[in-house]
Amino acid sequence: MLDVQALSKVYGKKQILKNLSFSVKPGEVIGLVGENGAGKSTLLHILATLSKPTSGSVMLNDQPYQTSIKKIRKQIGFVSQDIALWEEFTVKENMIFFEKLSWNNKNNGELKQLCNDMKLNKWNETVKNLSGGMKHKLNIAVSLIHEPELLLLDEPTAGIDLKSRKEIGSYLSNIATVQSKSIIYTSHDMDEIMQLCDRIYCIGDDPFYFQLLQSYGKNPISL
Ligand SMILES: Nc1ncnc2c1ncn2[C@@H]1O[C@H](COP(=O)(O)OP(=O)(O)O)[C@@H](O)[C@H]1O
Ligand SMILES: [Mg+2]
């Protein structure tokens, strides 16, 4: 379980995150929404151990981030807003490359299966020839090689076609249910957020998303 207590982040004189507290259980899918600049990526970076909070604490399965960073990293998968792949290499070559860097050993059959489970049936295709949706799927597949229990995704479905969005959404729901993964992800697509998420957190001062979700009969939580 992820437990965040009184987390704040200040950049210079600007307070981005103010005293956030929440927890996420295995199998839960959490949506994180807010206007541009609200601090969604900042929060995900902190949860991914890539940035430190100014104050407050984060724990994963009772292990504090400050003292157990190596252990914590093995349990986290992070997909940033930008695609981080080798464009000149095939899907297969990318998967094998990132497997070598990961803590987990997976054979080629298992790596291919991971791609197929995401409906990324392009094993021998060069990445630069893939559609945006396929690249996003591969980016997510790479983040899952080491079998993390917490998956953090920053706008994994932004700017891609509807079919890929739906496939990514149902894959995420499935691994949360079947493999008890905890997932926190950001999106501006409220239909998708409402369909996929067990809980929705709104961050930032602008009440737009909060009110919109309430008008759809949802109970968003303001962080
Ligand atoms: N490394 C940094 N140094 C200074 N300010 C930053 C840094 N990273 C993000 N910010 C600022 O923090 C705010 C939140 O950014 P971000 O977390 O990227 O928002 P979101 O993902 O919700 O659009 C923005 O005002 C951004 O300019
Ligand atoms: Mg962002």
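A few notes on this one:
- Å³ per residue enclosed by the Cα convex hull of region 113-223: 112 Å³
- Computed from Cα atoms, the angle from the helix 162-179 axis to the main principal axis of the chain rounds to 80 degrees.
- Projected onto their three principal axes, the Cα atoms of region 2-222 cover extents of 47, 41, 34 Å, largest first.
- Excluding exposed DSSP-loop chymotrypsin sites (Phe, Trp or Tyr not before Pro) (at most 13 other C-beta within 10 Å), longest clean stretch of the chain: 104-215
- Length released on extending from Leu162 to Gln15, taking residue separation times 0.36 nm less the Cα-Cα span: 49.4 nm
- For region 2-222, the solvent-accessible area of protein heavy atoms averages 49 Å² per residue (probe radius 1.4 Å; ligands and nucleic acids excluded).
- Those aspartates and glutamates that a straight Cα-Cα span of less than 18 Å connects to Lys13, excepting residues fewer than 8 apart in one chain: Asp205
- Share, in percent, of DSSP beta bridges within the chain that are antiparallel, nearest 5: 45 percent
- Dipole magnitude (debye, nearest 20) for the chain, charges at Cβ of Lys, Arg, Asp, Glu: 460 debye
- Extension gain, Asn36-Asp206: 0.36 nm per intervening residue step, less the Cα-Cα distance, totals 60.2 nm.
- Legend: distances between Cα atoms for Lys92/Lys119; Lys74/Lys135; Lys40/Lys163; Lys106/Lys128; pairs beyond 21 Å are Lys74/Lys135; Lys40/Lys163; Lys106/Lys128.
- If a spin label sat at a point 7 angstrom from the Cα of Phe22 along the line to its beta carbon, the backbone N atoms of region 67-109 nearer than 19 Å would be those of 76-81.
The values are calculated or read from the model by the stated rules, or taken from the named source; none is laboratory data. As the structure is a prediction and not an experimental result, all values here were calculated from the model. With ideal geometry, Cβ positions are generated from the backbone for all residues, glycine too; neighbour counts draw on all protein chains shown. These accessible areas exclude ligands, DNA and RNA; they are computed on the full protein's heavy atoms, side chains included. Shrake-Rupley method; radii C 1.70, N 1.55, O 1.52, S 1.80 Å.
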